Amino acid sequence: MKTVDTINFNGKRAVIRVDFNVPLNEAFEVTDTTRIRAAIPTLKKILNDGGSIVLMSHLGRPKEGPTNKYSLKHIVSTVSQQLGVDVQFADDCIGEDAFKKSAALKSGEVLLLENLRFYKEEEKGNEEFAQKLAKHGSIYVNDAFGTAHRAHASTAVIAKYFDKASKCFGYVMAGEVASIDKVLNQSQKPFTAIIGGAKVSDKILIIEQLMSKANTILIGGGMAFTFVKAMGGHIGKSLCEDDRLEVAKELIGKAKEKGVNLCIPVDAVIADNFANDANTQRVDINNIPDGWMGLDIGDKTIKTFGEIIKNSKTILWNGPMGVFEMSNFEKGTKQAAFDIAEATKHGAFTLIGGGDSVAAINKYNLASQVSYVSTGGGALLEYIEQGTLPGVEAIEA
């Protein structure tokens with residue numbers, strides 16, 4: 001894999017696609033610096049070599065061109081603070097001023113370009129736009145895994161304007177790609193995938209792909225009730241995709257054919273209302289009374305899942321076991337997180353995949369106790385489903 005470690009940036013100007021799509025409060029202050037901090041090692045490597053840097057990113061989903069709310073000028077001070085360098089700013093990404101500023105950069109200097117998505121050409125993967133962006137540097141570095149599943153101008157198309165020796169992955173991208181490869185192609189057995197979340201429809205492809213890789217697939221979250229109903233269980237008013245019942249049956253059948261242990265919860269914590277102060281019961285998951293809904297997996301399931309997790313050598317976790325944002329329905333997700341940390345301590349390779357799973361690992365302060373926490377939920381899922389991503393292929397081409 002070609003990373004920033006394979007290139008000496010001395011005297012070179014690198015144009016780097018980062019993922020600085022960070023949350024801002026009403027005063028336009030950055031409220032979570034995780035993505036910025038993740039990119040710092042890559043940037044420091046280049047600066048320590050004696051190179052200069054042009055940073056490009058998107059922020060939010062601007063619909064009609066430049067909008068103050070989505071301007072990257074709001075994050076300049078935070079990036080400067082995290083990097084320990086005064087970052088310059090260009091108020092356009094392909095304007096005359098931007099090219100003047102990037103051309104004038106000296107060794108050790110950094111320039112941040114304005115939001116790429118102020119141009120519709122970015123998301124359309126426009127070649128002319130990508131070629132203009134490429135003029136900002138002599139080396140292209142992609143360190144934005146969170147957008148690597150999009151064939152946008154700055155994530156995939158731009159790479160064709162650099163020869164093979166002049167494009168590479170940053171540390172974030174390299175770490176993500178290596179971790180997914182370790183899980184999918186070099187996994188030690190037993191390999192357990194824990195798949196949760198609300199909808200089966202969001203996870204059909206990933207479950208199908210994992211059936212040829214994993215020994216066990218644990219199903220949790222709202223999506224479990226579609227499987228339960230498909231098998232004839234009574235689920236009250238629990239979340240269910242009735243148009244996916246046949247798909248759920250097919251997945252159960254495929255798992256049997258392939259000898260994969262597809263584990264559906266056997267019990268649930270149910271509530272008479274979607275609220276933390278609702279009345280609750282613990283019941284068999286096939287016998288949820290009318291008017292009640294399942295909001296977490298029950299103690300028997302937690303125990304069964306825990307034993308499987310702790311005896312695994314490779315673990316992929318994507319999606320919570322219940323409504324863990326509410327304290328009365330967090331036990332399943334919380335215990336899964338601690339069981340995964342325990343398995344890691346005993347030598348398992350554990351990959352936490354995006355979105356709510358990452359939020360859970362962070363909520364319980366366990367990020368340092370698992371092998372890898374993925375920064376790109378959608379990108380990770382697509383990588384598993386497709387086997388590659390446009391942003392990865394563009395560097396490896």
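Every read-out reported here was derived from the displayed coordinates using simple, explicitly stated rules and does not represent laboratory data. This is a predicted model, so every value here is computed, not measured. For neighbour counting, all protein chains shown are included, and Cβ atoms are generated from backbone atoms with ideal geometry for every residue, glycine included.
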Requested in this report: Two decimals is fine: what is log10 I(q)/I(0) at q = 0.17, 0.27 Å⁻¹ for segment 165-225, from a Debye sum with one equal scatterer on every Cα and no solvent?
Outcome: -0.69, -1.09
Report summary line: Quick note on 317, 292, ordering by fewest other C-beta atoms within 10 Å, gives 292, 317
Query raised in the report: Helix 331-345 versus the longest principal axis of the chain: what is the Cα-based angle in degrees, 0 to 90, to the nearest 10?
Result: 60
Query raised in the report: At q = 0.18, 0.23 Å⁻¹, what is the log10 ratio I(q)/I(0) for segment 150-279, with the Debye formula run over Cα points and no solvent?
Result: -0.99, -1.31
Query raised in the report: Volume per residue, Å³, of the convex hull around the alpha-carbon atoms of segment 4-173?
Result: 98
Query raised in the report: Using only Cα atoms, what Kirkwood radius does segment 187-385 have, in angstroms?
Result: 16.5
Query raised in the report: aspartates and glutamates near residue 237 by alpha-carbon distance under 17 Å, same-chain residues fewer than 8 away left out - which ones?
Result: 267, 272, 284, 290, 296
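Given the pairs 69/135; 256/310; 100/124; 213/254; 45/135; 135/160, which span a C-alpha to C-alpha distance of over 18 angstrom in this model? Mind dumping the intermediate values first?
Working: 69/135 27 Å; 256/310 23 Å; 100/124 26 Å; 213/254 13 Å; 45/135 22 Å; 135/160 12 Å.
Checking Cα-Cα distances, 69/135; 256/310; 100/124; 45/135 exceed 18 Å.
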Query - Between 0 and 90°, nearest 10: helix 171-185 axis offset from the chain longest Cα axis - result: 40
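Tell me, what are the semi-axes, in whole angstrom and largest first, of the equivalent ellipsoid of segment 286-365 as set by the roots of 5 times the Cα gyration tensor eigenvalues? Write out the running numbers ahead of the final one.
Working: eigenvalues 111, 44, 18 Å².
The answer is 24, 15, 10 Å, longest axis first.
Once you charge only the Cβ atoms, +1 for Lys and Arg and -1 for Asp and Glu, what is the size of the charge dipole of the chain about its Cα centre, to the nearest 20 debye? Let's see the in-between values first.
Working: 45 positive and 48 negative charges, 207 e Å.
It works out to roughly 1000 debye.
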Query raised in the report: Working from the pairwise distances between different alpha carbons, so that the mean of 1/r is found and then inverted, what is segment 78-158's Kirkwood radius in Å?
Result: 13.4
Report summary line: Asserting the computed 222 nm helical MRE of the chain (DSSP H runs at least 4 long, -39500 (n - 2.57) per run, divided by residue count, to nearest 500) equals -10500 deg cm²/dmol
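Quick check on segment 61-112: what are the equivalent-ellipsoid semi-axes from the Cα gyration tensor, as sqrt(5λ), descending, whole Å?
Numbers: eigenvalues 89, 53, 6 Å².
Semi-axes (√(5λ), whole Å): 21, 16, 6.
Taking the convex hull of the alpha carbon atoms in the chain, what volume per residue do you get, in Å³?
Values: hull volume 57.8 nm³, N = 397.
Measuring per residue, one finds 146 Å³ for the Cα hull of the chain.
Dividing the Cα convex hull volume of segment 36-127 by residue count, how many Å³ per residue is that? Display every interim value, and only then the final one.
Values: hull volume 9.7 nm³, N = 92.
Per-residue hull volume (Cα only) is 106 Å³.
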Query raised in the report: Using Cα atoms only, what is the angle between the long axis of helix 34-49 and the major principal axis of the chain, expressed in degrees (0 to 90) to the nearest 10?
Result: 40
Report task. Can you check what the net charge comes to around residue 268, using other residues whose Cβ is under 9 Å from the Cβ of residue 268 (Lys, Arg +1; Asp, Glu -1)? Result -> -2
